[in-house]
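Encoded as structure tokens, the structure appears first; notes follow it.
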Amino acid sequence: MPYPTFPDDCSSALCRHLSPELYSRLKDLKTRYGYTLDQMIRSGVENPDSSIGVYAGDEESYRLFAPLLNPIIREYHSFDPEKERHRSDMDPAHLDAPDPDPEGKYVLSTRIRVGRNLHCFPLGANLARRERLIVECLVSDALKSLEGDLAGSYYPLEGMDDATKARLIEDHFLFKEGDRFLESAGLNRDWPEGRGIYHNHDKSFLVWVNEEDQLRIISMEPGADIGRVFERLSRAVSALERKLSFSYDERLGYLSSCPTNLGTAMRASVHIRLPKLGEDMETFREICDRYALQIRGIHGEHSESEGGIYDVSNRRRLGITEVEAVGEMARGVRELIEQEERL
Ligand code: ADP
Ligand code: CIR
């Protein structure tokens, strides 16, 4: 493939960081699992409206294609992957994140997820059909060992009836189908085979299998008791770590398909009703920038807000511990609520 052309109004991290010189320097390289630059950038080339535009295919991608990935990582996370080291801390005793909405007036629900991938396999974009099925098997077996409030069942996507699927998606429990960014990256190959969802009885603990990452471990519940949501997640991750070996790099933390998820691989979000701030996006964005928060619509990434309800979450995931990121999110949400009340 020759150097790709990007439209004039393209502002993705890929088009800003991939020069023709860098492209020719990296284009003939291949990881041991056979992943190439063209595969890595395909999503951003086919979707010029990407914010990032690249997906790693294995652990080695982060080393081999570092001349492209490191500047993207540096820019997104404000973290220098050549000089700094990531540190993880999921100990709930270290968390300082009081409920930002004790009266329950603004926050509808809280969700914290981490992405994980198995150390002995390539990442999803570069996973063969058979490997994906093995990953599903290993993960669903490990999930069977969970006990107490984490105990639940695994539901493969294949064979799930459309009404159940639609309801799970609408209620924010299940991933959407047909994401064009993932599609271009090859992350939807052989869909729906090998994909599925595990959840406990009341759907406060869930695991997505073989979506963008091999595992998305999720804790969620109505309200804003961030501490309780985090404690459940931390306990579940520890239990799964005893059964599965996750991809981890001392500089980059937990390795993920998308470089925005490196490090903690964590997104801690609230669904919050802020109709007045929604009319004053400048102030809304200014507060979010100050606390490194990202605004999404209520049906997840690339969706719109509905009824003045927004998804507000930590933007940085690397070079910050899990407890720090959740604490910052809680403080930012408190500030948003105070501002909403002033307007
Ligand atoms: P992810 O967080 O897994 O990267 P998305 O942004 O696509 O991906 O969100 C996945 C799903 O989780 C969507 O249905 C979204 O509405 C839901 N979700 C995110 N945050 C919350 C929250 N605080 N409460 C309820 N649902 C949420
Ligand atoms: C994109 O580049 O827009 C998609 N591949 C998704 C990037 C992840 N977005 C994010 O902000 N975490």
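If the only charges are +1 at each Lys and Arg Cβ and -1 at each Asp and Glu Cβ, what is the size of the charge dipole of segment 143-267 around the Cα centre, to the nearest 20 debye? Don't jump to the answer; show the numbers that get you there.
Values: 16 positive and 22 negative charges, 59 e Å.
For segment 143-267, the charge dipole is close to 280 debye.
Which helices, counted as full DSSP H runs in the chain, have an axial Cα extent of no less than 27 Å and a Kyte-Doolittle average of -1.0 or above? Could you put the intermediate results ahead of the total?
Working: long enough: 322-342 (30 Å, -0.76).
Correct list, ordered by number: 322-342.
Using label points projected 7 Å from each Cα along Cα→Cβ, tell me how many nm separate Ser51 and Met281, to one decimal.
1.3 nm
Treating cross-link reach as a plain straight distance, find the lysines whose alpha-carbon is under 20 Å from the alpha-carbon of Lys105, omitting any fewer than eight places away in the same chain.
Hits, sequence-local ones excluded: Lys276.
Would you work out which of Tyr310, Gly300, Gly332 lies farthest towards the positive end of the dipole of segment 294-343, given +1 charges on the beta-carbon of Lys and Arg and -1 on that of Asp and Glu, about the Cα centre?
The Cα lying farthest towards the positive end belongs to Gly332.
Where does segment 172-306 land on the Kirkwood hydrodynamic radius, alpha-carbon pairs, in angstrom?
Numbers: mean 1/r = 0.0589 Å⁻¹.
Final number for the Kirkwood radius of segment 172-306 is 17.0 Å.
For segment 49-64, what does the Karplus curve 6.51 cos²θ - 1.76 cosθ + 1.60, with θ = phi - 60°, yield as ³J(HN,Hα) per residue in whole Hz, taken in order and with x for Gly and Pro?
3J(HN,Hα) across segment 49-64, in whole Hz: 7, 4, 7, 10, x, 10, 9, 6, x, 5, 4, 5, 3, 5, 8, 5.
When the chain is fully extended, how far beyond the present Cα-Cα distance does Thr164 get from Ile134, taking 0.36 nm per residue of separation?
The span from Thr164 to Ile134 would gain 8.3 nm if fully extended.
Work out how much length Glu335 to Glu75 would gain on full extension: take 0.36 nm times their residue separation and subtract the Cα-Cα distance, in nm to one decimal.
Here the segment from Glu335 to Glu75 would lengthen by 91.1 nm.
What would the Debye equation give as log₁₀ I(q)/I(0) for segment 263-343 at q = 0.17, 0.20, 0.22, 0.27 Å⁻¹, counting only Cα atoms as equal point scatterers?
-0.61, -0.83, -0.99, -1.36
In whole Å, how far is the Cα centre of segment 164-235 from that of segment 21-86?
Spelled out, the Cα-based centre of one part sits 25 Å from the other.
Which residues make up the longest stretch of the chain that has no trypsin sites (Lys or Arg not before Pro) in a DSSP loop with at most 10 other Cβ atoms within 10 Å?
Numbers: sites that count: Arg32, Lys83, Arg242.
Answer - 84-241.
Can you spot the lysines whose alpha carbon is less than 27 Å from Lys27's alpha carbon? Ignore those fewer than 8 places along the same chain.
The qualifying lysines are Lys83.
Given +1 on the Cβ of Lys and Arg, -1 on the Cβ of Asp and Glu, and no further charges, what dipole in debye does segment 39-191 carry about its Cα centre, rounded to the nearest 20?
Values: 19 positive and 29 negative charges, 91 e Å.
Using only the charged Cβ atoms, the result is roughly 440 debye.
List the lysines whose Cα sits under 19 Å from the Cα of Lys165, skipping any in the same chain fewer than 8 residues away.
The qualifying lysines are Lys176, Lys203.
Based only on Cα atoms, what mean projected area does the convex hull of the chain have, in nm²?
Working: hull surface 68.5 nm².
Spelled out: convex hull of the Cα atoms, projected over all directions, averaged, 17.1 nm².
Using a Gaussian network model of the chain whose springs link C-alpha atoms within less than 10 Å, name the residue from Thr283, Thr110, Thr321 with the highest mean-square fluctuation.
Its mean-square fluctuation being the largest, the pick is Thr283.
Suppose the Debye formula is applied to equal point scatterers at every Cα of segment 81-194; what is log10 I(q)/I(0) at q = 0.14, 0.24 Å⁻¹?
Debye curve over Cα of segment 81-194, log10 I(q)/I(0) at q = 0.14, 0.24 Å⁻¹: -0.93, -1.45.
So if I average 1/r over every pair of distinct C-alpha atoms in segment 1-122 and take the inverse, what Kirkwood radius in Å does that give?
17.3 Å
Can you show me the helix-derived [θ] at 222 nm for the chain, built from DSSP H runs with n ≥ 4 at -39,500 (n - 2.57) apiece and divided by the number of residues, rounded to the nearest 500.
Details: 12 runs with 119 residues, N = 343.
Mean residue ellipticity at 222 nm (helix-derived): -10000 deg cm²/dmol.
How much length would be gained if the chain were fully extended between Tyr248 and Asp9, taking 0.36 nm per residue of separation minus their Cα-Cα distance, in nm to one decimal? Don't skip to the end; give the middle numbers.
Values: separation 239, 0.36 × 239 = 86.04 nm, distance 3.60 nm.
Taking Tyr248 through Asp9 to full extension adds about 82.4 nm, to one decimal.
Only the coordinates and a few stated rules stand behind these numbers; no lab work does. Here the structure is a predicted model, which means the values were calculated and not measured. Heads up, the Cβs are rebuilt from the backbone with ideal geometry, glycines too, and the neighbour counts pull from every protein chain shown.
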